[in-house]
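Heads up: the structure comes next, in C-alpha cells.
Readers should treat all values here as calculations from the given coordinates under stated rules, not as data from a laboratory. All values derive from a computational prediction rather than experimental measurement. Ideal geometry is used to build each Cβ from the backbone, glycine not excepted, and the neighbour counts take in all protein chains shown.
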Amino acid sequence: MSAVMVVHGGAWAIPHDLAEASVDGVKVAACEGFSVLQRGGSALDAVEAAVRALEDNTVFDAGHGAVLNADGEVELDAIIMDGRTLASGAVSSVNNIANPVSLARAVMEKTAHVLLTSRGANLFAESIGMATVPGDTLVTENERKAWRKNKNFATEVMEDFNCQAHDTVGAVAVDSAGNVACATSTGGIRNKMVGRVGDSSIIGAGGYADNLIGAVSCTGHGESILKVTLARLILSHIEQGKSLADASQLSLQYMGDRVRGAGGAIAVSPSGQWAATFTTERMAWSAVDHDGLWYGLDPNERLKEQWYDHLLPL
C-alpha cells in the first residue's frame, strides 16, 4: 500500500501577492506530513503534522494567521478524524491555542466527547497541560489593518465570498496500512459574529474519514458547507461508484446550485487515489505520493516536482 498526503490552504480568491507564499506553504506542509508517513507514522499522525505546519504559517487563516471576529478577537475551530475507528475530536471558538488541531486530537483521545467549545475547550486544554498563548500573538499586523478596513462588512451577506474571504486549511492522508484520516482548521471569516462556528469543526461537513470509503477535508463558505454536509456528501458519491474527482465536483456543483456556495475539497481513498477540486477562483493545494510532489493554485493547474527536494531537515 502506497502512502499519500494531500493538503489545502483554503479555497478563495487568493491575491497575487499571497500566491507564491501560499503554494510554498502547502508544499512544505504536504512534505512534512509525508515524511511522517515515510517514517512509519499513521495517517492520523500525518494529518496532524501537516495541519500544524499550516497553523504555524501566518499566510493561512488558521492558528498564527487567523482572522479577527467582529470584536477584534481570534476564534479558532478544528477537527481531526481517524478513518480506522471513526473516532473524532473537535474544538470551536478557541482563542489562545496556537495549534487547535492538536487540541482536537486530545479531545478525541482523552475525553468521551467529540466537540468542546469556547471556555470548555480552553479549560480542557489547561487540565491536560497544553500550552496557551495570548490571543493577540496569533494575529498579524496585516490582519489588523484588514480588519479595521473591513470592520463594517456584513458577514451575513456572503454572495461575495469568493472575492473577499480568507479561508481554512486541511489535510487528508492514507498510510501504508490503508488507514485514512482527515484534519481541518480555521480562524473563520473576518468580522464574523462573536461565537460563530462554521463547518471546520463539524463532523461530516468540514471533514470526514472512513476506511471503508476515504477521507475528505473541505474549505469554502462554512454556512453553505454545513447546509449540504459537504464532506459526507462527497463520500456518498464515492460509495455510489464515482471517482474522487467526480464525486468532489458533483458535490461542489450541487452546493453552488442549491445554496450558492463556493468552496473546495481534497480527498484520498484507502487505495491511494486522491483529488483536489474547487469552485472558487483559486485554492492552494499540494499532494505527495510515490510518484512525486504535486501542487496547484489555479483551475486545471497540476504541476509536479520531486517531493524530497522540499523536505525540511529531520
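A few notes on this one:
- Phi-based couplings in Hz for the stretch 189-199 (Karplus 6.51, -1.76, 1.60; Gly and Pro marked x): 9, 4, 6, 4, 4, 4, x, 5, 10, x, 7
- With a Förster radius of 35 Å applied to the C-beta separation of Asp309 and Glu73, the computed FRET efficiency comes to 0.30.
- Euclidean distance between Cα centres, the stretch 40-68 to the stretch 72-128, Å: 14 Å
- Prolate/oblate/rounded label for the chain (Cα gyration tensor, a/c 1.5): rounded
- Residue exposure sequence - His8, His221, His16, His64 - by fewest surrounding Cβ within 10 Å: His16, His64, His221, His8
- Our summary gives the stretch 4-303 a relative contact order of 25 percent, counting only alpha carbon pairs under 8 angstrom and 6 or more residues apart.
- Reachable aspartates and glutamates from Lys149, criterion Cα separation under 20 angstrom, eight or more residues apart if same chain: Asp17, Asp61, Asp71, Glu73, Glu75, Asp136, Glu141, Glu159, Asp160, Asp167
- For the pair Leu212 and Ala112, a Förster radius of 22 Å applied to the C-beta separation gives a FRET efficiency near 0.40, rounded to the nearest 0.05.
- Cα gyration tensor, the stretch 191-239 - rounded (a/c under 1.5), prolate or oblate: prolate
- Relative to one another, the C-alpha centroids of the stretch 245-314 and the stretch 171-228 are positioned 14 Å apart.
- Efficiency of FRET between Gln240 and Val194 - r from beta-carbon atoms, R0 35 angstrom, step 0.05: 0.30
- The stretch 26-86: C-alpha gyration tensor shape, a/c 1.5 cut-off, then a/b vs b/c: oblate
- Residue order for Trp147, Trp274, fewest other beta carbons within 10 angstrom first, comes to Trp147, Trp274.
- Amide N of the stretch 17-58 lying under 15 Å from the label point, which is placed 7 angstrom from the Cα of Thr85 along Cα→Cβ: 42-45
- Where trypsin sites (Lys or Arg not before Pro) in DSSP loops with at most 12 other Cβ within 10 Å are excluded, longest remaining stretch of the chain: 40-150
- Secondary-structure-derived ellipticity at 222 nm for the chain, considering helices only, amounts to -10000 deg cm²/dmol, per-run term -39500 (n - 2.57) for DSSP H runs with n ≥ 4.
- For the stretch 266-314, applying the loop criterion from DSSP together with a ceiling of 14 other beta carbons within 10 Å to the GluC sites (Glu not before Pro) yields Glu301.
- Amide N proximity, the stretch 188-226 versus Arg148 label position 7 Å along Cα-to-Cβ, cut-off under 20 Å: 190-192
- Charging the Cβ of each Asp and Glu at -1 and of each Lys and Arg at +1, and nothing else, the dipole of the chain about its Cα centre rounds to 500 debye.
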